[in-house]
1. Tell me, how many Å apart are the Cα centres for segment 13-28 and for segment 145-194?
2. Segment 37-78: which chymotrypsin sites (Phe, Trp or Tyr not before Pro) are DSSP loop and have at most 15 other beta-carbon atoms within 10 angstrom?
3. In whole Hz and in residue order, list the ³J(HN,Hα) couplings for segment 148-158 that follow from phi through the Karplus curve 6.51 cos²θ - 1.76 cosθ + 1.60, θ = phi - 60°; x for Gly and Pro.
4. Give me the net charge of A202's neighbourhood, meaning all other residues with Cβ under 12 Å from the Cβ of A202; Lys, Arg count +1, Asp, Glu -1.
5. Which semi-axis lengths, in whole Å and largest first, follow from the square roots of five times the eigenvalues of the Cα gyration tensor of the chain?
6. What number comes out for the charge environment of I161, summing +1 per Lys or Arg and -1 per Asp or Glu over other residues with Cβ under 12 Å away?
7. Provide Rg over Rh for segment 87-199; use the alpha carbon set for both Rg and the Kirkwood Rh (inverse mean inverse pair distance).
8. Apply the a/c threshold of 1.5 to the C-alpha gyration tensor of segment 1-94 and tell me whether it is rounded, prolate or oblate.
Amino acid sequence: MKVLRALIGVVMGLSCVVSLVLLGLANPLWKWGAGIITLCFGVAALSKAFYLRLDTLRGKFHMILGAGAIILCAAITVGLASTIPWHIFGLHYLARFIFVLAVFMMFIGLMKQGYTLSAGNWVQVLVVFALVAAIGLWLFHGLYVGATVLMSILVYLSLFIMLETLAVIRVYMGSDLGWRWTAGALSVICITVGDMGMAYSATSGIAAWEIVQYLGWSVLSVIMCIISLMWD
């Protein structure tokens, strides 16, 4: 299994380097790197699930998370090959719903194991979430006044994942897993930024937003792949 982890890390690293080089050369093939990196994230999460065992809470979480990553990889790939909205958004929605399910299952599982959040803890979670959501929605609707329903759903799903993630962070706060979930929250911000980039790119045609789109998704996958390669 160590060989598999090393292989995933090498493929992800090479994909990042090659993608950035192609981006620097203005070669459109650089965007495919996002799909490969996301695939690495999915394989890493699934392999960690089997290592942790599927009868454990964290094992189940990584299994669902890995499935979501594979669907996200498919969404990115289809988006590069198709222009039909529901081909693209259908897969993106499915990936986000799976991520929502994974984090929700993790939170409920922690509650069943005896972890609790006091009223004060919930206030902290909601205050941080309100701040993040306010900034995100201000940027989204401020720069993209004509937000379509399809685009808006993606952003709101990402915000809901953020709320769930913040709740889990508060449960784990102070532990090593707390730092990992904090990094996970950063990755949720990255996927939201990527979604916004997709919205702006579609309406404005400005190439810079397309770069933001694929880089946002790539950074998400890099962060989560690294976390998934930590088998403890």
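Every number in this text was worked out from the coordinates using simple rules, so none of it is lab data. These numbers were taken from a predicted model, which means no experiment stands behind them. We place every Cβ from the backbone using ideal geometry, glycine too, and count neighbours over all the protein chains shown.
1. 27
2. Answer by residue number: there is no such site.
3. Karplus values, whole Hz, x for Gly and Pro: 7, 4, 4, 5, 4, 4, 4, 5, 5, 5, 4.
4. Once all neighbours under 12 Å are counted, the net charge is -2.
5. One finds semi-axes of 28, 23, 14 Å for the chain.
6. Numbers: positive: R96; negative: E164, D195.
Net local charge, I161 excluded: -1.
7. Values: Rg = 14.8 Å, Rh = 14.8 Å.
Rg/Rh for segment 87-199 comes to 1.00.
8. oblate
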